[in-house]
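Trainee: Have a look at the structure that comes next, please.
The values are calculated or read from the model by the stated rules, or taken from the named source; none is laboratory data. These numbers were taken from a predicted model, which means no experiment stands behind them. Virtual Cβ from ideal backbone geometry, glycine too; neighbours counted across all protein chains shown. What goes into the accessible areas is simple: the full protein's heavy atoms, side chains included, and nothing from ligands, DNA or RNA. Shrake-Rupley method; radii C 1.70, N 1.55, O 1.52, S 1.80 Å.
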Amino acid sequence: MAIQSIKGFKDLLPSDTERWDQIEREARRIFSLYGYEEIRTPILEFTEVFSRSIGEVTDIVEKEMYTFPDRDGRSVTMRPEGTAGVVRACIEHALPSKSPAHKLFYMGPMFRHERPQAGRLRQFHQIGVEVLGPSGPSVDVEIIALLADILDSLEVREGSLLLNSIGCPVCRPDYLASLRAFLEERRDRFCENCRRRIAANTLRVLDCKVSACREATADAPAFSQHLCPACDAHFDAVRRGLTGLGIDFVPAPRLVRGLDYYTRTTFEWVTDRLGAQNAVAAGGRYDGLARALGGPDLPGSGFALGVERLVALCAGPLPPPRPLAFFALLGEEAARLADPVVRRMRREGIRVERDLLGGSLKSQLRRADKAGASLVVIIGDEEIKRGAAVVRDMNEKTQAEFSLSDLPEIIARHLQPSSSGR
Ligand code: ATP
Ligand code: MG
């Protein structure tokens, strides 16, 4: 039997990558408008990068990481998310000493050993941003606006923004104590995982997907009632900022992040169009992360957008391809004459395909049609004698003969008016 790909690891074929390309291009365009710069960190990191930042008692670290000893015996992990590596890189390269604010974005594959299903893969892709340095609410508002603009530019308009604050080290202990007391009283109603989490990672109980657990926490105490004055002011400013930008949000008192380093603002962009996997993007503030990784105090805020889930939501049109000229070549001499012209045109920015399969003129024309060519250049023995080529307009169904040397100019002129596609 032929070798197959690993379960949960998916190929993207040319019929898929057009949409991916559009998404990445739109995201890059918007990042540049907002002044975000790209960072590319390695896929493989020492395991501590994730275990120290994500937290030992989390689904990701306990069950989902691709962790193995490398040949030198060090434990390494394929990144399950982007933030930890970005912050590790910022500390390692002392970026905070070079500038007080870094606005970064990344895109690329992440790896989690989860049960593969619709919208849940073992290699999936995220587009994310991290703002490191500034700690104010304007950053949180800005990244949410940026996310909204990416979704909007891809015509993904259904969905809601869930918003919460999960406080800071000043007010969290107090809140956790009251939450823990609430959960302990209902211990019997929780799944085994949650029973363990009550002591080990209390906040995460609110995040459990088991419906009995969700019901049991329906009227759990809300963090917003326990925020310290500084967190309260921050949360209030974020809400006012979003309202000022016309961005709707839904207060979500049970929205907590699975990752321990998050502080204050947390948000998630959800939709009911994706079944159980309803989260398209998730993010928030993580003022404690750099410290947890052995770095300086470095406030941060960011989000990660799941590309596979976004692809499933994109229904808008793909940008039209640039107009195409197709060279149908009959014989070796035709190829010898045409190839320098084809190359010159490509170097001048004209999209040109040259037939590679040979055969009759009829079969080459059929391929030109299938490729969506608007012009076909035909060169056969008769044309060669005259140093010419026949140019056929596939839309108008007309054709005319031109000298080979005039071809690039004639074709460029012909294809120009609508040549703004991809
Ligand atoms: P979920 O609740 O769906 O497990 P999560 O909380 O684990 O999500 P995050 O770590 O916040 O997800 O990642 C941000 C985004 O990345 C998610 O909103 C989702 O779009 C995407 N994502 C996460 N895990 C996967 C996966 N296994 N397959 C596909 N996309 C994923
Ligand atoms: Mg998950």
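Trainee: Based on this model, can you work out whether GLU155 counts as more than 13 Å from the chain's Cα centre (by Cα), more than 20 Å from LEU313 (Cα to Cα) and in contact (Cβ under 8 Å) with a residue 40 or more places away in the chain?
Mentor: Working: more than 13 Å from the chain's Cα centre (by Cα): yes; more than 20 Å from LEU313 (Cα to Cα): no; in contact (Cβ under 8 Å) with a residue 40 or more places away in the chain: yes.
No, not satisfied.
Rundown of residues vs (1) of a type in the set (Gly, Ala, Ser); (2) closer than 21 Å to THR202 by Cα; (3) in the same structural domain as SER51 (by TED's automatic domain parsing), yes/no style:
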{"site": "ALA237", "(1), (2), (3)": "yes, no, yes"}
{"site": "THR243", "(1), (2), (3)": "no, no, yes"}
{"site": "GLY246", "(1), (2), (3)": "yes, no, yes"}
{"site": "PRO251", "(1), (2), (3)": "no, yes, yes"}
{"site": "ALA276", "(1), (2), (3)": "yes, no, yes"}
{"site": "GLY283", "(1), (2), (3)": "yes, yes, yes"}
{"site": "ALA292", "(1), (2), (3)": "yes, yes, yes"}
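Residue-by-condition table, conditions (1) of a type in the set (D, E, K, R); (2) out of contact with any helix residue (DSSP H, G or I) (no Cβ under 6 Å at 6 or more places or on another chain); (3) part of a helix (DSSP H, G or I); (4) open to solvent by 60 Å² or more (accessible area, probe 1.4 Å):
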| position | (1), (2), (3), (4) |
| --- | --- |
| GLY316 | no, yes, no, no |
| PRO321 | no, yes, no, yes |
| PHE327 | no, no, no, no |
| GLU333 | yes, no, yes, yes |
| VAL352 | no, no, no, no |
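Trainee: From LEU255, LEU242, LEU274, which residue is in a helix (DSSP H, G or I) and farther than 19 Å from VAL87 by Cβ?
Mentor: Values: LEU255 fails: in a helix (DSSP H, G or I); LEU274 fails: in a helix (DSSP H, G or I).
One residue alone meets the criteria, LEU242.
Trainee: Just one of GLY55, GLY119 is under 20 Å from ASP287 (Cβ atoms) and within 16 Å of ligand 2 (Cβ to nearest atom); which is it? Give the steps one after another, and end with the answer.
Mentor: On the way: GLY119 fails: under 20 Å from ASP287 (Cβ atoms).
Only one candidate qualifies: GLY55.
Trainee: Applying the selection to region 387-400, what residues are open to solvent by 60 Å² or more (accessible area, probe 1.4 Å) and under 22 Å from ARG343 (Cβ atoms)? It would help to see each step written out before you state the result.
Mentor: First pass over region 387-400, keeping only residues open to solvent by 60 Å² or more (accessible area, probe 1.4 Å): 392, 395-399.
Listed by number, the list holds a single entry, ARG392.
Trainee: Limited to region 67-100, what total is found for residues that are open to solvent by 50 Å² or more (accessible area, probe 1.4 Å) and either of a type in the set (Phe, Trp, Tyr) or more than 20 Å from PHE124 (Cβ to Cβ) (or both)?
Mentor: First, the residues of region 67-100 that are open to solvent by 50 Å² or more (accessible area, probe 1.4 Å): 67-74, 92-93, 97-98, 100.
Filter once more, so that each one left must be either of a type in the set (Phe, Trp, Tyr) or more than 20 Å from PHE124 (Cβ to Cβ) (or both): 68-74, 92-93, 97-98, 100.
Total meeting the criteria: 12.
Trainee: Restricting to region 122-150, name every residue that is within 16 Å of ligand 2 (Cβ to nearest atom) and of a type in the set (D, E, K, R). Before you say what the answer is, go through the steps one by one.
Mentor: In the first step, residues of region 122-150 are kept if they are within 16 Å of ligand 2 (Cβ to nearest atom); the result is 122-126, 128.
Across region 122-150, the qualifying residue is only ARG122.
Trainee: Does SER153 fit the bill of being hydroxyl-bearing (Ser, Thr, Tyr), open to solvent by 40 Å² or more (accessible area, probe 1.4 Å) and at pLDDT 90 or above? Even if it seems obvious, please write down each step before you answer.
Mentor: On the way: hydroxyl-bearing (Ser, Thr, Tyr): yes; open to solvent by 40 Å² or more (accessible area, probe 1.4 Å): no; at pLDDT 90 or above: yes.
In short, no.
Trainee: How many residues does region 50-79 hold that are within 16 Å of MET110 (Cα to Cα), among the hydrophobic types (A, V, I, L, M, F, W, C) and modelled with pLDDT under 90?
Mentor: The total comes to 3.
Trainee: Of the conditions (1) free of Cβ contacts under 8 Å to residues at least 40 places away in the same chain; (2) more than 11 Å from ligand 1 (Cβ to nearest atom); (3) outside any strand (DSSP E or B), GLY85 fails just one. Which one is it?
Mentor: (1)
Trainee: So if I check each of ASN193, ASN278, which one is without any contact (Cβ under 8 Å) to a residue 24 or more places away in the chain, within 16 Å of ligand 2 (Cβ to nearest atom) and out of contact with any Cys (no Cβ under 9 Å at 6 or more places or on another chain)? Even if it seems obvious, please write down each step before you answer.
Mentor: Numbers: ASN193 fails: out of contact with any Cys (no Cβ under 9 Å at 6 or more places or on another chain).
Criteria check complete, one pass: ASN278.
Trainee: Going by the structure shown, is PHE68 more than 16 Å from ligand 1 (Cβ to nearest atom) and either among the polar types (S, T, N, Q) or part of a strand (DSSP E or B) (or both)? Step through it out loud before you land on a result.
Mentor: Numbers: more than 16 Å from ligand 1 (Cβ to nearest atom): yes; either among the polar types (S, T, N, Q) or part of a strand (DSSP E or B) (or both): yes.
Answer is yes for this residue.
Trainee: Report, by residue number, each residue of region 1-54 that is assigned to a strand (DSSP E or B) and among the acidic types (Asp, Glu). Before you say what the answer is, go through the steps one by one.
Mentor: Looking only at region 1-54, we keep the residues that are assigned to a strand (DSSP E or B), and these are 37-38, 44-46.
Scanning region 1-54 gives GLU37, GLU38, GLU45.
Trainee: For region 119-127, does any single residue satisfy the condition of being out of contact with any Pro (no Cβ under 7 Å at 6 or more places or on another chain) and away from ligand 1 (no atom under 16 Å from the Cβ)?
Mentor: Checking region 119-127: not a single residue is out of contact with any Pro (no Cβ under 7 Å at 6 or more places or on another chain) and away from ligand 1 (no atom under 16 Å from the Cβ).
Trainee: Tally the residues that are farther than 12 Å from PHE326 by Cβ and either touching a residue at least 40 places away in the same chain (Cβ under 8 Å) or open to solvent by less than 70 Å² (accessible area, probe 1.4 Å) (or both), restricting the search to region 366-386. Reasoning before the result, please.
Mentor: Taking region 366-386 and keeping what is farther than 12 Å from PHE326 by Cβ, we get 380-386.
If we keep only those that are either touching a residue at least 40 places away in the same chain (Cβ under 8 Å) or open to solvent by less than 70 Å² (accessible area, probe 1.4 Å) (or both) too, we end up with 380-381, 383-384.
Counting residues in region 366-386 that are farther than 12 Å from PHE326 by Cβ and either touching a residue at least 40 places away in the same chain (Cβ under 8 Å) or open to solvent by less than 70 Å² (accessible area, probe 1.4 Å) (or both) gives 4.
Trainee: Here's a follow-up. How many of the residues in region 170-209 are open to solvent by 20 Å² or more (accessible area, probe 1.4 Å), at pLDDT below 90 and not in a helix (DSSP H, G or I)?
Mentor: The number of residues fulfilling the criteria is 1.
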